[in-house]
1. Kindly establish whether residue 30 is surrounded by 14 or more Cβ atoms within 10 Å (Cβ to Cβ) and more than 13 Å from the chain's Cα centre (by Cα).
2. Residue by residue through segment 33-46, note down the ones that are surrounded by 19 or more Cβ atoms within 10 Å (Cβ to Cβ), touching a helix residue (DSSP H, G or I) at 6+ places or on another chain (Cβ under 8 Å) and not in a strand (DSSP E or B).
3. So is residue 174 under 21 Å from residue 20 (Cβ atoms), in contact (Cβ under 8 Å) with a residue 40 or more places away in the chain, among the charged types (D, E, K, R) and surrounded by fewer than 22 Cβ atoms within 10 Å (Cβ to Cβ) or not?
4. If we keep just the residues of segment 123-159 that are assigned to a loop (DSSP other than H, G, I, E, B) and among the charged types (D, E, K, R), which is surrounded by the fewest Cβ atoms within 10 Å (Cβ to Cβ)?
5. How many residues are surrounded by fewer than 22 Cβ atoms within 10 Å (Cβ to Cβ) and in a loop (DSSP other than H, G, I, E, B) when one looks only at segment 104-118?
6. Just wondering, is there one or more residues in segment 60-70 that are more than 18 Å from the chain's Cα centre (by Cα), at pLDDT 95 or above, polar (S, T, N, Q) and over 17 Å from residue 34 (Cβ atoms)?
7. Just to be sure, is residue 104 among the aliphatic types (A, V, I, L, M) and more than 12 Å from the chain's Cα centre (by Cα)?
8. Among all residue pairs at least 6 apart or on different chains, which show Cβ distances below 6 Å where the first residue, located in segment 32-54, is within 19 Å of residue 78 (Cβ to Cβ) and at pLDDT 95 or above and the second is assigned to a strand (DSSP E or B) and acidic (Asp, Glu)?
Amino acid sequence: MEQDKKFLSEYFDTYSEALKGKDIFEKIVAFKKMVESCSGKLIFAGNGASASISSHCALDYTKQGGVRSECFSSDAFITAFVNDFGYDHWLAKAMEHHADADDIVILISSSGKSPNVVNAAKYCRSRGMRVVTLTGFADDNPLKQLGDLNLWIDSKSYNIIECTHMFWLMAACDLLIGKAEYPVS
């Protein structure tokens, strides 16, 4: 029991440090200002848990934050684009079909090395779109190198990275709304 409590204490300390990482408050405020200035829509994308985060964020930023947002998490959409364009390029092709020059694209990848996400960032950059990245692992990961604004966590733990990304994005949404408690209907 004591060993488990010690593990959890250290685990939650890691989260506490991560959530208040270097310059993160300034970056979350910068993201909020970016969203406020967006004349297009927000597009969230990632793989696996990052796709789930993208879906949640697209919903909350639209419904609660009043900012038109989308993500490409439908099984039919993904499998059709993967089948037609290959896994490494499906997300870039999705951007080609759905993203506009005045959109902000938020790309989430724990490692920052997912080829489909990196290729999407390259496509968006080539079209002059603003790109926000959320990554972890190496500070010099390929995705982070392509972002206009980068929220990076110094961790190699997928759970800590993904949960921190979700927390940061929801904090920015609540900051945009101006409060943390509000009706959802």
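The values are calculated or read from the model by the stated rules, or taken from the named source; none is laboratory data. Not measured: the values here are computed from a predicted model. With ideal geometry, Cβ positions are generated from the backbone for all residues, glycine too; neighbour counts draw on all protein chains shown.
1. Working: surrounded by 14 or more Cβ atoms within 10 Å (Cβ to Cβ): yes; more than 13 Å from the chain's Cα centre (by Cα): yes.
Criteria met by residue 30.
2. Within segment 33-46, 35 is the sole residue that qualifies.
3. no
4. So the residue we want is 140.
5. 2
6. No, because not a single residue in segment 60-70 is more than 18 Å from the chain's Cα centre (by Cα), at pLDDT 95 or above, polar (S, T, N, Q) and over 17 Å from residue 34 (Cβ atoms).
7. In short, no.
8. Qualifying pairs under 6 Å: 43/70.
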